[in-house]
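Notes follow once the structure below has been shown.
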């Protein structure tokens, strides 16, 4: 029997309402895969790290934002969603203040808010994740 080699990641869908328009925060990836493409802030869970702690850490490392009260949206694990290896991402959603500013850091080249009705082309399966988050929060 073959042992499992599945990696666990976290992603965050962060919303902000500014000037009566709902926005989602994305980062432009600095590294492959999908270098130069927009993606949700996130990354690999460290050994011994709890999932919500990992989500908050990745969000802060990549964007400088601290968002409290994030809630788990679900898990996404379709084989092939990450071309490097089989990954399962546990996704969290949260709401930032209207004037929240994000600054790209770590493995993000840029951090930018996009209106929910005008999303960029996204890496991985992040459009599926965003679609579910928008449905759940009725945005």
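Nothing in this text is a laboratory measurement; each read-out follows from the coordinates by a stated rule. The model shown is predicted, which means the values in this text are computed figures rather than measured ones. When we count neighbours, we look across all protein chains shown, and the Cβ atoms used for this are built from the backbone with ideal geometry, even at glycine.
Answer yes or no: is there a residue in the range 95-110 that is buried (at least 20 other Cβ atoms within 10 Å of the Cβ), in contact (Cβ under 8 Å) with a residue 60 or more places away in the chain and closer than 17 Å to residue 16 by Cα. The answer is yes, given that some residue of the range 95-110 is buried (at least 20 other Cβ atoms within 10 Å of the Cβ), in contact (Cβ under 8 Å) with a residue 60 or more places away in the chain and closer than 17 Å to residue 16 by Cα.
When 79, 115, 52 are screened for being closer than 25 Å to residue 7 by Cα and either loosely packed, with under 14 Cβ neighbours inside 10 Å or touching a helix residue (DSSP H, G or I) at 6+ places or on another chain (Cβ under 8 Å) (or both), only 79 passes.
Applying the criterion of being free of Cβ contacts under 8 Å to residues at least 40 places away in the same chain and in a helix (DSSP H, G or I) to the residues of the range 124-139, the residue that is nearest to residue 93 (Cα to Cα) is 134. Scanning the range 15-26 for residues that are under 20 Å from residue 132 (Cβ atoms), free of Cβ contacts under 8 Å to residues at least 60 places away in the same chain, buried (at least 20 other Cβ atoms within 10 Å of the Cβ) and in contact with a helix residue (DSSP H, G or I) (Cβ under 7 Å, 6 or more places away or on another chain) turns up nothing.
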